[in-house]
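Written out below as structure tokens is the structure these notes cover.
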Amino acid sequence: MIKCAGAAALAALLAISAGCGSPGEPLTAHHSGRRVGEFDVDGEYLAYEWTPAQLMSTQGHLVLANLTTGEERELVSDLQGPLALSAGRLAWWNSKERDEENESDLILYDCRRGERAVAAHERVGGLDLDGAHLVYSRRYPRGEDVVLRDLETGESRVISSGGEAGTHRNEEPTAGGGYAAWLSYEYSTREYTLEIENLETGEESRVPLGRHRTRMSLSPPYLAYTRQTEAGTEIRLYNVETGADSLAATRGRFTAGPYVEGDLLAWSEHITAEEYDRRPIPGQPLMDERDVREIFLHRISNGKTEKISDALIASGGRVEIHGGRVYMNVYRDPPPPRRSNLVVDVDLRVW
């Protein structure tokens with residue numbers, strides 16, 4: 001556990017920051033030899049994927065944990081692919097089980113009953129769950145469709161088609177509060193567009209992005225996304241109900257996020273080069289200031305932003321909000337001198 005004072009190996013790193021923010025509560029520190037990667041949280045359940053803390057390991061284990069009882073179940077021992085958790089259901093797609101057509105089963109798992117079912121047999125790019133809906137991208141050699149499946153009726157429909165010929169591809173589908181959103185890339189113009197659909201009315205809206213990709217998160221009425229400018233990364237909020245678009249913040253050292261839930265918006269930034277140079281990570285010349293992160297929480301209603309944690313080693317860390325709490329995967333300890341950072345445990349923490 002990273003502490004604001006204590007272990008000598010961590011004291012120098014934590015002194016990088018002028019203050020000492022909360023280290024967060026570790027959720028996976030009772031395990032050793034694990035590097036937590038993709039995760040999702042919903043109510044009492046946490047689903048996460050981990051790989052062994054060793055050189056060149058790609059074996060992903062999918063674990064479902066009950067945050068109330070502490071019980072954990074390993075559901076897949078060799079996973080590579082997206083996962084999503086919502087309303088007591090867990091969905092995943094495993095590229096390790098692809099057949100000759102590069103397709104494999106898209107699995108739906110009932111967390112309470114312990115039952116699994118096949119929702120589709122496809123080549124899947126990304127997926128998300130929202131209560132009674134499963135949304136995913138169906139891949140062809142060139143294009144991608146966005147498919148919506150009603151989990152109550154079992155019916156599926158294509159809500160955006162790139163087609164097998166591939167006029168465009170649809171990536172990173174997400175769903176929430178009766179809306180679905182995805183990132184569309186047009187081959188002819190090489191431009192990206194955020195596309196949003198009201199699942200009840202079928203009404204669609206679009207946010208042109210030019211030639212820059214974006215990171216996004218959906219929690220109606222807001223869709224949080226980013227734009228790149230000369231001043232830095234703009235973190236923006238698009239109101240899916242009114243079509244209004246507003247700027248939440250511009251950050252020069254943005255690294256992960258943004259993630260929106262209700263009135264809260266979270267992201268992480270790396271520290272400055274000057275801060276890092278004063279307290280480098282001993283014996284790690286390949287690491288720099290971009291590997292040391294701070295987490296920020298922004299309240300949309302009053303526009304106030306606060307830093308909730310300092311000096312976390314979180315290269316590649318994800319920032320998410322679930323149930324009003326902020327989650328991020330963080331190195332348990334600094335990488336030892338002259339050792340690869342791949343051998344260090346990565347824990348999931350919550351603030």
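The values are calculated or read from the model by the stated rules, or taken from the named source; none is laboratory data. Only a predicted model underlies this, so the values are computations on that prediction, with no experimental measurement involved. We place every Cβ from the backbone using ideal geometry, glycine too, and count neighbours over all the protein chains shown.
Summary of values
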| quantity | calculated |
| --- | --- |
| Test result for HIS121, over 23 Å from the mean Cα position of the chain (by Cα) and within 15 Å of LEU106 (Cβ to Cβ) | yes |
| Among the residues listed as LEU79, LEU62, LEU106, the single one being more than 26 Å from ASP347 (Cβ to Cβ), touching a strand residue (DSSP E or B) at 6+ places or on another chain (Cβ under 6 Å), surrounded by 12 or more Cβ atoms within 10 Å (Cβ to Cβ) and of a type in the set (A, V, I, L, M, F, W, C) | LEU106 |
| Strands (runs of 3 or more DSSP E) (entirely within region 169-210) containing at least 1 residues that are crowded, with 21+ Cβ neighbours inside 10 Å and on the phi > 0 side of the Ramachandran plot | none |
| Identity of the residue in region 260-288, outside any strand (DSSP E or B), within 22 Å of THR233 (Cβ to Cβ) and touching a strand residue (DSSP E or B) at 6+ places or on another chain (Cβ under 7 Å), that ends up modelled with the highest pLDDT | ASP263 |
| Given (1) in a strand (DSSP E or B); (2) among the polar types (S, T, N, Q); (3) at pLDDT 95 or above, index of the condition SER309 fails | (3) |
| Residue, modelled with the lowest pLDDT, within region 227-251, restricted to residues that are hydroxyl-bearing (Ser, Thr, Tyr) and either surrounded by fewer than 20 Cβ atoms within 10 Å (Cβ to Cβ) or more than 19 Å from TYR192 (Cβ to Cβ) (or both) | THR229 |
| Candidate set from region 211-220 (those that are part of a loop (DSSP other than H, G, I, E, B) and surrounded by 16 or more Cβ atoms within 10 Å (Cβ to Cβ)); member that is farthest from the chain's Cα centre (by Cα) | PRO220 |
| Members of region 222-247 that are touching a residue at least 24 places away in the same chain (Cβ under 8 Å), within 21 Å of GLU171 (Cα to Cα) and either outside any strand (DSSP E or B) or among the polar types (S, T, N, Q) (or both) | THR226, VAL240 |
| Test for HIS30: is it without any contact (Cβ under 8 Å) to a residue 12 or more places away in the chain and either loosely packed, with under 15 Cβ neighbours inside 10 Å or touching a Ser or Thr at 6+ places or on another chain (Cβ under 7 Å) (or both) | yes |
| Test: ARG138 is crowded, with 20+ Cβ neighbours inside 10 Å and either touching a residue at least 40 places away in the same chain (Cβ under 8 Å) or over 26 Å from GLY43 (Cα atoms) (or both) | yes |
| Yes/no for LEU55 being part of a loop (DSSP other than H, G, I, E, B), under 28 Å from ASN94 (Cα atoms) and either among the aliphatic types (A, V, I, L, M) or modelled with pLDDT of 95 or more (or both) | yes |
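One line per residue, one yes/no per condition, for (1) in a loop (DSSP other than H, G, I, E, B); (2) touching a residue at least 24 places away in the same chain (Cβ under 8 Å); (3) aliphatic (A, V, I, L, M):
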{"position": "GLY70", "(1), (2), (3)": "yes, no, no"}
{"position": "LEU75", "(1), (2), (3)": "no, yes, yes"}
{"position": "GLY81", "(1), (2), (3)": "yes, yes, no"}
{"position": "GLY125", "(1), (2), (3)": "no, yes, no"}
{"position": "VAL147", "(1), (2), (3)": "no, yes, yes"}
